[in-house]
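See structure below.
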Amino acid sequence: MSQFPKTFQYKQFNWGPYVMSMKMPDYIIKKLKTEGKKAKESYNHKLAGHIEGQFLYPMNVQRWFYTQIGSVLNAYRKNHCEYHAIQDHAVELSADDLWVNYMKAGDFNPIHVHGGDYSFVLFLDMPKQIEKEQERFKGTSSVPGSLMFEYTQKARPAWATTGHSIKPKTGDFYMFPALLRHWVCPFKSKVTRISVSGNLRITNKDKLPYDYF
């Protein structure tokens with residue numbers, strides 16, 4: 001008979017990037033959809049996407065949005081520190097940009113990273129036709145229109161989780177480290193998939209420990 005204690009203490013590594021997801025309120029979705037239709041400044045020259053319709057929101061809309069989601073940014077910071085078991089130093093965040101993506105049939109976003117320190121994507125409209133296309137898909141890769149986060153190389157056999165394939169829905173919001181590689185699969189449905197992305201930068205790095213990030 002084993003004499004090993006019935007109860008014992010253990011620890012585990014906090015390994016890999018921290019990604020937070022939530023549902024964004026409807027008033028945010030409606031406002032950004034309305035303002036996105038008015039946005040005229042192309043942002044294609046700054047982005048990796050093979051998408052014709054990528055537009056920078058004007059500064060007044062950017063300021064409004066970042067003011068609205070202050071509590072979300074604070075929650076990400078707090079959870080990030082807990083996940084990585086690091087001290088929760090006060091950081092100063094500055095928004096770099098905010099843009100809207102109108103993804104149509106055949107468009108895609110190759111694997112890429114963002115500038116700044118933290119990034120996010122918010123889905124304003126995920127048409128039902130794409131969900132039906134995902135259900136019909138028979139391949140082994142991520143389904144059409146999905147968002148794929150990739151962290152390090154594949155593990156075979158699957159002894160480690162190295163990526164997450166996400167089938168986003170309208171209102172879904174994901175925040176993640178800017179250097180986390182991600183990509184978006186193309187789809188064939190004759191609809192428009194609308195998303196919003198932005199980047200934030202820590203501006204007081206010189207006052208924080210080197211290993212904080």
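For the chain, which span is the longest to avoid every loop-located (per DSSP) member of GluC sites (Glu not before Pro) having at most 13 other Cβ atoms inside 10 Å?
93-213
Note down the nm distance, to one decimal, between modelled labels 7 Å out along Cα→Cβ at Gln3 and at His112.
Going from the Gln3 label point to the His112 one covers 6.3 nm.
Could you give the length gained by full extension between Thr162 and Asp88, i.e. 0.36 nm per residue of separation minus their alpha carbon distance, to one decimal place?
Taking 0.36 nm per residue and subtracting the Cα distance, the gain is 24.0 nm.
Using a 1.4 angstrom probe, figure out how much accessible area the chain has per residue, in square angstrom, rounded to the nearest whole.
61
Assigning unit charges at the beta carbon (Lys, Arg +1; Asp, Glu -1) and nothing else, what dipole magnitude in debye, to the nearest 20, does the chain show about its Cα centre?
660
Specify whether the C-alpha gyration tensor of region 101-165 places it in the rounded, prolate or oblate class, a ≥ b ≥ c being the square roots of the eigenvalues: rounded for a/c under 1.5, otherwise prolate if a/b is larger than b/c and oblate if not.
It comes out oblate by the Cα gyration axes.
What is the spin-label model distance, in nm, from Ser21 to Lys190 if the labels are put 7 Å beyond Cα along the C-beta direction?
3.1
Take the solvent-accessible surface of the protein heavy atoms, probe 1.4 Å, and return the percent of it on region 75-213 that carbon and sulfur atoms account for.
The nonpolar share, carbon plus sulfur, comes to 54 percent.
Could you run the Karplus curve 6.51 cos²θ - 1.76 cosθ + 1.60 with θ = phi - 60° over region 135-145 and give me ³J(HN,Hα) per residue in whole Hz, x for Gly and Pro?
Going residue by residue, I get 5, 7, 5, 10, x, 9, 8, 4, 6, x, x Hz, with x marking Gly and Pro.
Based on the alpha-carbon gyration tensor of region 69-186 and its eigenvalue square roots a ≥ b ≥ c, which shape applies: rounded if a/c is under 1.5, prolate if not and a/b is larger than b/c, or oblate?
Oblate, since a/c reaches 1.5 and b/c is not below a/b.
Just reorder Ser141, Ser195 by solvent-accessible area, largest first, 1.4 Å probe, all chains present.
Largest accessible area first, the list is Ser141, Ser195.
The values are calculated or read from the model by the stated rules, or taken from the named source; none is laboratory data. All values derive from a computational prediction rather than experimental measurement. Heads up, the Cβs are rebuilt from the backbone with ideal geometry, glycines too, and the neighbour counts pull from every protein chain shown. Quick note on the areas: whole protein, heavy atoms, side chains included, nothing else; ligands and nucleic acids left out. Shrake-Rupley method; radii C 1.70, N 1.55, O 1.52, S 1.80 Å.
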